[in-house]
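Encoded as structure tokens, the structure appears first; notes follow it.
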Amino acid sequence: MLGLAAAIPAALTPSAARAGRDDRALRGQARGKARNVILMVSDGMSFGTLTLGDLLVRRSTGKPGAWSTLWAQPGTCRVLQRTHALNSLVTDSAAAATAWGSGVKVNNGSVNVAADARQLLPLGIHAKQHRKAVGVATTTRVTHATPAGFYANVPRRDYEGIIAEQSMDRGIDVILGGGERFFAPSLINRHPAYQFVRTKAELQNARSDGPLLGLFAESHVPYAIDRAPTVPDLATMSLAALDRLSRAPEGFLLQIEAGRVDHAAHDNDAAALVGEQIEFENAIAAVWAWLQKRGVDDTLLIVTSDHGNANPGLSVYHDDAEQGLNRLLQPRKSFEWIGEQLAEVKGIDARLERFPALVREASGYTLTPADLDLIARVLREQRVTPFEAQNKWPSVLGGILANHFGVNFISPNHSADYVETTAIGPGSELVAEKARGSGGVIDNTDLHAVMVDAMALGPGTLTDDMKTPMPVRGVIKPD
Ligand SMILES: [Zn+2]
């Protein structure tokens with residue numbers, strides 16, 4: 001069974017096999033048109049998040065956002081994408097990244113490991129077998145589920161030490177993001193060919209040749225609104241990756257992820273959320289400008305999300321909406337920062353005493369006695385909101401601040417929403433074709449087939465370390 005899986009060309013993955021004759025004919029024309037593929041992901045981005053990012057970019061610059069600018073380009077393909085996992089209508093990032101990475105639906109929590117414990121060939125490794133250079137650039141830990149979907153095999157997404165080893169042992173050419181705590185000195189020393197950088201300045205001054213490892217935080221890269229200037233933003237990381245990968249003689253595959261849009265959505269933290277989405281908009285603008293300047297039409301760019309999260313929306317009228325957006329544009333601190341300050345204080349009463357000053361510093365809003373009563377009750381584990389999952393202080397604070405920013409959330413969880421998917425460049429017609437047979441909505445697994453076909457990758461082979469089944473042990477928390 002394992003040998004058979006290894007021998008199946010990736011173009012015959014289940015999603016490709018489902019496709020009809022027209023699709024096969026079109027693949028014949030479009031196949032191999034893209035020398036390079038760039039997949040840009042705003043992780044956990046509901047449509048409301050895309051809208052808020054676009055509204056705020058328009059407000060602060062007077063111009064449309066970079067993503068909506070792509071929609072107006074000739075030849076751009078826009079479709080919706082289904083995101084469900086094998087065992088859940090609401091996916092986590094591991095199952096969603098696996099759908100892109102290997103074209104197979106898996107259970108939540110697994111990265112390129114099928115429900116029957118078989119390991120699946122990740123797209124990045126498949127691409128390397130055909131001499132493509134491969135990179136990931138993210139604001140999460142580089143060992144987090146979405147980047148891991150391009151290069152790793154683990155039955156549980158929280159095996160991040162193993163994922164770190166796989167990233168370097170499997171020779172991923174550019175690895176940029178957070179997560180230094182999972183890269184033991186012995187691992188880094190085992191790979192002397194990698195340049196290792198830890199600050200924005202070191203990244204910008206790094207040599208352009210050879211593999212590059214950039215780790216800019218112990219854990220996730222701090223939110224844009226909390227970040228020190230020594231930490232690179234996603235646009236800087238993206239351009240550094242493109243500069244190196246574009247030197248590869250046979251082309252490249254790059255995943256760029258605004259990974260913390262998802263985290264801010266989980267926290268119902270509107271200010272952090274829009275900061276991360278604007279960061280993503282800036283990264284799209286940088287990548288698009290890079291492609292335009294390069295002037296060669298050989299790169300397929302796909303911009304999308306892996307799932308919705310928390311479904312935020314500007315939901316107040318008239319001046320309140322105007323004021324809310326203006327307040328979101330002021331530099332602030334995240335709920336994560338509030339949580340870090342609270343962690344230094346012991347006991348509920350002491351934390352309640354700190355709360356108003358922290359909220360004022362983070363958001364500019366002064367809690368009323370009624371607001372503080374809600375916070376006190378939720379800290380004492382009393383039910384404050386009808387939806388059980390929102391009875392945590394960040395969700396309650398997010399609801400209170402909806403009176404300040406005008407943005408409210410339905411949940412602190414992922415959602416089953418279809419997600420926006422934009423494709424431009426050679427191979428984008430494959431996305432349109434996938435959608436044509438299914439009412440304008442593609443499946444997340446379809447994007448795997450699109451990327452394989454666009455680059456015309458030949459058959460891939462499971463490497464020796466991918467031939468042992470990996471059964472799941474224990475319960476994995478979706479994220
Ligand atoms: Zn999440």
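The residue that is nearest to the ligand (Cβ to nearest atom), among those in the stretch 241-295 that are within 19 Å of residue 147 (Cα to Cα) and of a type in the set (Phe, Trp, Tyr), is 280. Just wondering, is there one or more residues in the stretch 57-65 that are farther than 30 Å from residue 469 by Cβ and either of a type in the set (Phe, Trp, Tyr) or within 16 Å of the ligand (Cβ to nearest atom) (or both)? No, the conditions are met nowhere in the stretch 57-65.
From the list 226, 233, the lone residue that is away from the ligand (no atom under 16 Å from the Cβ) and either more than 18 Å from the chain's Cα centre (by Cα) or of a type in the set (Gly, Ala, Ser) (or both) is 226.
Screening residue 85 on (1) open to solvent by less than 10 Å² (accessible area, probe 1.4 Å); (2) away from the ligand (no atom under 16 Å from the Cβ); (3) in a loop (DSSP other than H, G, I, E, B) shows it passes everything except condition (2). Evaluating residue 19 against the criteria (1) surrounded by 17 or more Cβ atoms within 10 Å (Cβ to Cβ); (2) modelled with pLDDT of 95 or more; (3) farther than 27 Å from residue 414 by Cβ leaves one unmet condition, (2).
Given the options 387, 409, name the one that is open to solvent by 70 Å² or more (accessible area, probe 1.4 Å), in contact with a Ser or Thr (Cβ under 8 Å, 6 or more places away or on another chain) and closer than 27 Å to residue 88 by Cβ. Only one candidate qualifies: 387.
Per the conditions (1) in a helix (DSSP H, G or I); (2) surrounded by fewer than 24 Cβ atoms within 10 Å (Cβ to Cβ); (3) touching a residue at least 24 places away in the same chain (Cβ under 8 Å), the sole criterion not satisfied by residue 275 is (2).
Please verify whether the stretch 100-123 includes one or more residues that are of a type in the set (D, E, K, R) and either free of Cβ contacts under 8 Å to residues at least 12 places away in the same chain or crowded, with 24+ Cβ neighbours inside 10 Å (or both). Give the steps one after another, and end with the answer.
Narrowing the stretch 100-123 to residues of a type in the set (D, E, K, R): 105, 116, 118.
Subset that is either free of Cβ contacts under 8 Å to residues at least 12 places away in the same chain or crowded, with 24+ Cβ neighbours inside 10 Å (or both): none.
No, there is no match, as no residue in the stretch 100-123 is of a type in the set (D, E, K, R) and either free of Cβ contacts under 8 Å to residues at least 12 places away in the same chain or crowded, with 24+ Cβ neighbours inside 10 Å (or both).
Checking 65, 44 one by one, the residue that is touching a Lys or Arg at 6+ places or on another chain (Cβ under 7 Å), modelled with pLDDT of 55 or more and open to solvent by less than 70 Å² (accessible area, probe 1.4 Å) is 65 and no other.
Does at least one position in the stretch 110-131 carry a residue that is over 29 Å from residue 53 (Cβ atoms) and among the acidic types (Asp, Glu)? Yes - at least one qualifying residue is present in the stretch 110-131.
Filter the stretch 98-156 down to residues that are assigned to a helix (DSSP H, G or I) and under 17 Å from residue 307 (Cα atoms), then give me how many there are.
To start, the set of residues in the stretch 98-156 that are assigned to a helix (DSSP H, G or I) comprises 98-102, 123-129, 145-148.
Now drop any that are not under 17 Å from residue 307 (Cα atoms), which leaves 98-101, 145-148.
Matching residues across the stretch 98-156 total 8.
The values are calculated or read from the model by the stated rules, or taken from the named source; none is laboratory data. Values in this document were obtained by computation on a predicted structure and should not be read as measured data. As a convention, Cβ positions derive from the backbone with ideal geometry for all residues, glycine included, and neighbour counts pool all protein chains shown. The protein model used for the area step is the full one, side chains on, heavy atoms only, and it has no ligands, DNA or RNA in it. Shrake-Rupley method; radii C 1.70, N 1.55, O 1.52, S 1.80 Å.
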